[in-house]
Every structure is written in C-alpha cells, then in structure tokens.
Amino acid sequence: MKPVQRLILILAAVWIAVKLLLFYSGNSVAYTQLAVSLNIGFTIYIIYKVLKDHYSNTRIIGSDPWNEEPDFLIDFKVSMKSVVQYSLVIFGFLVIYYMAIDTEYIEGIVDERIDLLRDQMTDSGGYEAVMEANKGQINIPQGKELPTEKEYLTEIRGNFMTMLNMKLFLSLIFTYFFLLNLTCSAVISGIAGRIFVKHT
C-alpha cells in the first residue's frame, strides 16, 4: 500500500471514529460543525501532502523541473485523484451511517424546522392571528373549516418529509464532497506548486 493511500485510510478512520463517538455520546447534532470542519481540514491536508510528495518525486525523477513554471492541470489532477479516494471512503460510510445507524437524522432536521415555525407563529401573535393575516393565501376546500394548529403543523411536517427524503439528502452530501474537492484542489493546486518550487 502506498503511503498516500495509507494516509487516506488513517484520516478516514479518524473521521469515522469521531463521527461515531459524537453519535453514541448524543452530541452528533450539537457538534455537526466540528465534523464538517475536521473533514475540510483532512481534505486540505491530503491535497497538501500529495502535492508535496508529487514535487519531491518530480525533483528526484526529472532533470530539473524547478526552473519551470508549475503545471496547474497536473497538480489539479494529482490532488483530485487523492481527495476523491478519501471522499469515496467517507461517503460510503455516510450512506451506511444515515441508512442504518442514525436513521432519525432527517426527522430531527424536520422537527427543528417545525419548532422554528411554531416559535415564529407564537412571536406573530399565535396560530389564529397568522391564519387571519394570510387568509387570502390559504386554499381551504369549500365546506371545510380552517385546520387546527396541530393539523396544520402535521401537514407541513409531512410536506417537509416528502421533500427531504434520504435519497435527496445523500445526493446533497455527494454534491458537497464534489464541490469541496473541486474547490480545495483548484485553490491549493494554484498556489502549492509555486511554494514547493520556491522552497523545496
């Protein structure tokens, strides 16, 4: 196993351990930002390490590339290849995590939205006042009365659950990884070559 692949597996294992520790300690929601920040940090470190090794190997194998300008596309390709491997390991774990371990995560997000909506209605004078203010925008079938607050919030919750299903949620996570990899690889590849050429 190559050192870079070993590094990827070690960092992925550390991130997975932290994620599981937060879940089983009951702090997975409170420390979501910590998990995200750690993931970004590991991604940046992998790119840095891979590009540093790439330039060291180029110096050993090549004639004298240090007098030339760094090739952004080569740097970008090298960095993307490694962080995609890391992301696939993490994403594979997250698919299992959200489908088999933390299966109520989406329901928790929806419940938070419902609580926020309830608080907003309370701040606006209560359910009846909000319904009265929006009377012209509410579509009530003829012969039916205005739904109670509980019925209204239950319907809204059902709509949220329909929109934010597991497939969509995992697609959003996949998109997050893709954009993170693309952004970090582009930014770091743009500056790392010049740093390594100058100081290595």
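Could you give every pair whose Cβ atoms fall below 7 Å, whose first residue belongs to region 84-109 and is within 17 Å of Val14 (Cα to Cα), and whose second residue is surrounded by 13 or more Cβ atoms within 10 Å (Cβ to Cβ) and small (Gly, Ala, Ser), counting only separations of at least 6 or pairs across chains?
Close Cβ pairs (under 7 Å, with a partner that is surrounded by 13 or more Cβ atoms within 10 Å (Cβ to Cβ) and small (Gly, Ala, Ser)) amount to Tyr86/Ala12; Val89/Ala12; Ile90/Ala12.
Among residues belonging to region 171-197 that are surrounded by 14 or more Cβ atoms within 10 Å (Cβ to Cβ) and more than 22 Å from the chain's Cα centre (by Cα), point out the one that is modelled with the lowest pLDDT.
Val197
Name the residue, out of Arg6, Arg59, that is basic (Lys, Arg) and modelled with pLDDT of 90 or more. Break it down stepwise before answering.
On the way: Arg59 fails: modelled with pLDDT of 90 or more.
Checking each option against the conditions leaves just Arg6.
Would you confirm whether or not region 35-50 contains a residue that is at pLDDT 80 or above, under 30 Å from Phe160 (Cα atoms) and of a type in the set (Phe, Trp, Tyr)? Even if it seems obvious, please write down each step before you answer.
Restricting attention to region 35-50, the residues satisfying the condition of being at pLDDT 80 or above are 35-50.
Subsequent filtering for residues that are under 30 Å from Phe160 (Cα atoms) retains 35-40.
In the following step, the residues that additionally are of a type in the set (Phe, Trp, Tyr) were identified as none.
Within region 35-50, none of the residues are at pLDDT 80 or above, under 30 Å from Phe160 (Cα atoms) and of a type in the set (Phe, Trp, Tyr).
Output the residues belonging to region 28-58 that are under 23 Å from Ile173 (Cβ atoms) and not aliphatic (A, V, I, L, M).
Ser28, Tyr31, Thr32, Gln33, Ser37, Asn39, Gly41, Phe42, Thr43, Tyr45
Could you tell me which numbered condition Gly26 fails, if it satisfies all but one of (1) surrounded by fewer than 14 Cβ atoms within 10 Å (Cβ to Cβ); (2) at pLDDT 90 or above?
(2)
What tally of residues in region 21-35 results from selecting those that are touching a residue at least 40 places away in the same chain (Cβ under 8 Å) and under 16 Å from the mean Cα position of the chain (by Cα)? I'd like the intermediate steps shown before the answer.
Of the residues in region 21-35, the ones touching a residue at least 40 places away in the same chain (Cβ under 8 Å) are 23, 28-29.
Filter once more, keeping what is under 16 Å from the mean Cα position of the chain (by Cα): 28-29.
Residues in region 21-35 being touching a residue at least 40 places away in the same chain (Cβ under 8 Å) and under 16 Å from the mean Cα position of the chain (by Cα): 2 in total.
The values are calculated or read from the model by the stated rules, or taken from the named source; none is laboratory data. Just so we're clear, the structure is a prediction, and the values are computed from it rather than from any experiment. Note: ideal-geometry Cβ built from the backbone for every residue, glycine included; neighbour counts use all protein chains shown.
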